[in-house]
1. Considering only 217, 69, 116, give the residue with the highest GNM mean-square fluctuation for the chain, with springs between Cα atoms whenever their separation is below 10 Å.
2. At 0.36 nm per residue, and after removing the present C-alpha to C-alpha distance, how many nm does the segment from residue 184 to residue 4 gain when stretched out fully?
3. For q = 0.08, 0.12 Å⁻¹, what log10 I(q)/I(0) does the chain give under the Debye formula with an equal point scatterer on each alpha carbon and no solvent?
4. Please report the relative contact order for the chain, taking Cα pairs under 8 Å with a sequence separation of at least 6, and give it as a percent rounded to a whole number.
5. Which of 104, 54, 39 ends up with the largest GNM mean-square fluctuation for the chain, with Cα atoms connected below 10 Å?
6. Quickly work out the residue 217-to-residue 236 label distance, labels modelled 7 Å from Cα along the C-beta direction, and quote it in nm with one decimal.
7. Quick one, can you get me the convex hull of the C-alpha atoms of the stretch 141-251 expressed as volume per residue in Å³?
8. Alpha carbon centre of the stretch 84-106 versus the stretch 162-238: separation in Å?
């Protein structure tokens, strides 16, 4: 397994943040995990190490939110997400890290501007629609395959519906559980799993699970309105960070 102290200095906070975000506190914040770990190892290796940990975290999250998910949305989201995974697997070797960060940052900031305009005009809560659902879930599956960064695109589809926060988080948990377990197959075919990566993943699983339970606790004590405000705030910070990283790497 990896023994570099700098790797663990990046991986430990990344996993705790991801667990807290996955459990429902700080929508989109988990997108920072792979870029943070990629400061010490190649991005493809960071993604490979993260995936088995995410799969273990998903089981803990499912237990916390069992039965709490939108079946209406899932019928739309799953086909789109699977299509995104297929496209991501086919293009995995050809997408630059800076290009992906720019795309995700622009999508995140654009979404927040759209939501601000909608609130200013007293727009009604959105309803599940096939066109929007297929598009954003496919983009989520695509970015999730490349860098486990499917949170912002899915937030663009789900957050405007203003669901109960437990239902929102549960729907997200179920979607990404299915996505992550499907992603195991293309990752294996791409040769991203080796003994060193898998041993490192196994050593870090407890930290990810700890993050899940921290996130569940935080979600329960944060009221509905501040919860959504924090989700949007985290998404804004994430978007700005991704735009900055993408632009600076291209210059």
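1. So, out of 217, 69, 116, the one fluctuating most is 116.
2. Value of the extension gain: 62.2 nm.
3. -0.27, -0.63
4. On the way: 376 pairs, mean separation 102.9, N = 251.
Computed over the chain, the figure is 41 percent.
5. Maximum among the listed residues: 39.
6. 2.8
7. Numbers: hull volume 14.9 nm³, N = 111.
Considering the Cα atoms of the stretch 141-251, their hull volume per residue is 134 Å³.
8. Going from one Cα centre to the other spans 19 Å.
Each reported figure results from applying straightforward, stated rules to the coordinates on display, with no laboratory input. Note that the coordinates shown come from a computational prediction; the quantities given were computed from them, not determined experimentally. Ideal geometry is used to build each Cβ from the backbone, glycine not excepted, and the neighbour counts take in all protein chains shown.
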